[in-house]
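Inspection log for the structure reproduced underneath, given as C-alpha cells.
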Amino acid sequence: MARYTGPVCRLCRREGVKLFLKGDRCYTQKCAIEKGRVTPGQHGQSRKKATEYGMQLREKQKARRIYGMMEKQFKLTFNKAERQKGVVGENFLVMLERRLDNVVFRLGFANSRSEARQLVRHNHFTLNGHKGNIPSILVTPGDVISVKDKSKDSPKFKAIKELAATKTVPAWLEADAEAMTGRVVGMPSREGIDIPVQEHLIVELYSR
C-alpha cells in the first residue's frame, strides 16, 4: 500500500484525538479536533462500540500515523523491539523516538514529522558530520545532528531557526537553535514520550 497523501486532519478525526500531524496548526483553533469535527465518513457518528480487537487496531494505527510509517516497516520495528530485553511496549516506543526524522522534529528543526522526513530525505542534515538522509536510522547517545551549511541560508531554514529558538526539546536531547545543531545526550524514557498511545494494546495486537 502506498503512503497516505490525503488530508491529515482526517486521520486525527478518525482516531478522535490530536495526532499533531500538521505542526503548529494543531495548537490553534483551526484544528479539526478543536472544532469538534466528527469521525469522517457517512456513518461516522453511528459507529458501534469497539471490540477488543478494534481498540488494539486503533492504537496501532494511531502510533503508525503519528510516526508516519508504513505497516511493514512498523511491524519490523516491533519485531526488533520484541527481541530486546525489557518491556516490549516501552522498547518499541523508544525505538520509534530514536528515528532520525523524529529526532529532527523533536529538536525543532521541522514543523512536523512528515516535514522532518522530507527534509532528511532531501539531504539537508548531517549525522556526526556525514550524510544523514535515511529517516529510519536510529540515533544513539553522543550523536550530533546538524543542518548543512548550504541549507542554513535558505528561507525555509531561516523560518525554522526562529521557531526552533522558542521550542522545548526532550531531556534526552540538546538543541542549539542558533547553530542549528542538536546532540543526543541520553536515551528516551517512557515517561518523557508524550504521544497519546497505549502501547500495551499494540503488543497485544501483534501477539494474537
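Laboratory data are not the source of any read-out in this text; all were calculated from the coordinates shown. Remember, it's a predicted structure, so these values are computed and weren't measured experimentally. Cβ coordinates were reconstructed from backbone atoms using ideal geometry, including for glycine residues, and neighbour counts include every protein chain displayed.
Computed over neighbours whose Cβ is under 11 Å from that of ASN133, the net charge equals +3, Lys and Arg +1, Asp and Glu -1. Each of GLU59, GLU82 was scored by other Cβ atoms within 10 Å of its Cβ. Arranged with the fewest first, they read GLU82, GLU59. P(r) tail, the range 100-184: Cα-Cα pairs separated by more than 22 Å, 10% of all pairs.
Taken over the range 141-208, the alpha-carbon convex hull comes to 138 cubic angstrom per residue. Qualifying GluC sites (Glu not before Pro) in the range 138-187, where qualification requires a DSSP coil assignment and no more than 14 other C-beta atoms within 10 Å, comprise GLU178. Other residues whose C-beta falls under 12 angstrom from the C-beta of ARG98 contribute a net charge of 0, scoring Lys and Arg +1 and Asp and Glu -1. In terms of distances greater than 22 angstrom between alpha carbons, the cross-link table entries LYS60/LYS156; LYS62/LYS148; LYS60/LYS80 yield LYS60/LYS156; LYS62/LYS148. Footprinting exposure proxy ranking of LEU93, LEU107, fewest other C-beta atoms within 10 angstrom first, gives LEU93, LEU107.
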